[in-house]
Amino acid sequence: VAAKVGEDVILLGDVELAVAGKLAELQQQRFELIRDKLEEMINERLTTQEAKRRGLTTEQLLKTEVEAKTRAVTDADVSGFITQNQGRLPQMPPDELRGKVREYLQNQLSGQARGAYFESLRAGGKVTVSLQEPDPIRVVLDLRKGMSKGPPDAPIVLVEFSDFQ
């Protein structure tokens, strides 16, 4: 019992059913937060283990394996990006814009190199992830309501929701 209104009883299950869609969204968001943090922690542990194995600090390892192997952004890269995205870029002095675009592109390349390095560590390490995605929302339908075809005890039920407007 979630509440009583006079003699009427409101059951928690009925409330949960009424907000099932929103609860499923929250459950999915929770899962994504946990999954993202888990990935980050796995990458940290792999990096720490590899650095220890090589007798380096994690900073030294990342500098050697990521920063040193990330190519520098060229003037042509910056010009090409500005040309392709001219309508979406903020209005600012050209030198300042070029600097911000260069920084953005360099961060993109560094992120890609970091991701590739973490993938290579994963391939060589023993990583087992047991985290499971939440079950999808399931709604119990009362086939006695609304229009339906076929026997009510059919092993498979297809449901179509439509809006004719």
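Taking the range 66-110 only, how many residues are farther than 30 Å from Thr47 by Cβ, assigned to a loop (DSSP other than H, G, I, E, B) and within 27 Å of the chain's Cα centre (by Cα)?
Summing the residues that are farther than 30 Å from Thr47 by Cβ, assigned to a loop (DSSP other than H, G, I, E, B) and within 27 Å of the chain's Cα centre (by Cα) in the range 66-110 gives 2.
Could you list, in sequence order, all residues of the range 113-140 that are of a type outside the set (A, V, I, L, M, F, W, C), touching a residue at least 40 places away in the same chain (Cβ under 8 Å) and assigned to a helix (DSSP H, G or I)?
Hits for the range 113-140 are Arg114, Tyr117, Arg122.
All but one of (1) surrounded by 10 or more Cβ atoms within 10 Å (Cβ to Cβ); (2) over 28 Å from Gln29 (Cα atoms) hold for Pro90; state the number of the condition that does not hold.
(1)
Out of Gly13, Gly21, Gly6, I need the residue that is among the small types (Gly, Ala, Ser) and on the phi > 0 side of the Ramachandran plot. Which one?
Just a single option satisfies the conditions, and that option is Gly6.
Just the residues that are over 22 Å from the mean Cα position of the chain (by Cα) and either of a type in the set (Val, Ile, Thr) or loosely packed, with under 12 Cβ neighbours inside 10 Å (or both), please, taken from the range 111-128.
Result: Gly124, Lys126.
Select from the range 20-50 the residues that are of a type in the set (A, V, I, L, M, F, W, C) and within 13 Å of the chain's Cα centre (by Cα) and list them in ascending order.
Those that are of a type in the set (A, V, I, L, M, F, W, C) and within 13 Å of the chain's Cα centre (by Cα): Phe31, Leu33, Ile34, Leu38.
Filter the range 21-49 for residues that are hydrophobic (A, V, I, L, M, F, W, C) and surrounded by 13 or more Cβ atoms within 10 Å (Cβ to Cβ); which is farthest from Pro134 (Cα to Cα)?
The extreme case among them is Leu46.
Taking Thr58, is it closer than 30 Å to Gly124 by Cβ and polar (S, T, N, Q)?
On the way: closer than 30 Å to Gly124 by Cβ: yes; polar (S, T, N, Q): yes.
In short, yes.
Note down all Cβ pairs under 6 Å where the first residue falls in the range 1-15 and is farther than 16 Å from Val140 by Cα and open to solvent by less than 70 Å² (accessible area, probe 1.4 Å), the second is in a helix (DSSP H, G or I) and β-branched (Val, Ile, Thr), and they're at least six residues apart or on different chains.
Going by the 6 Å Cβ cut-off, the qualifying pairs are Ala2/Val15.
Out of the range 53-81, which residues are over 21 Å from Ala116 (Cα atoms), in contact with a helix residue (DSSP H, G or I) (Cβ under 6 Å, 6 or more places away or on another chain) and among the aliphatic types (A, V, I, L, M)?
Across the range 53-81, the qualifying residue is only Val78.
Looking at the range 38-53, I want the residues that are free of Cβ contacts under 8 Å to residues at least 40 places away in the same chain and have a partner that is assigned to a helix (DSSP H, G or I) with Cβ atoms under 6 Å, at least 6 apart or on another chain. Which pairs are those?
Note: pairs meeting the criteria are Thr48/Thr58; Ala51/Thr58; Ala51/Leu61.
The values are calculated or read from the model by the stated rules, or taken from the named source; none is laboratory data. Everything numeric in this text was worked out from a predicted model, so none of it was measured. A quick note on method: Cβ atoms are made from the backbone with ideal geometry, for glycine too, and the neighbour counts reach across all protein chains shown. What goes into the accessible areas is simple: the full protein's heavy atoms, side chains included, and nothing from ligands, DNA or RNA. Shrake-Rupley method; radii C 1.70, N 1.55, O 1.52, S 1.80 Å.
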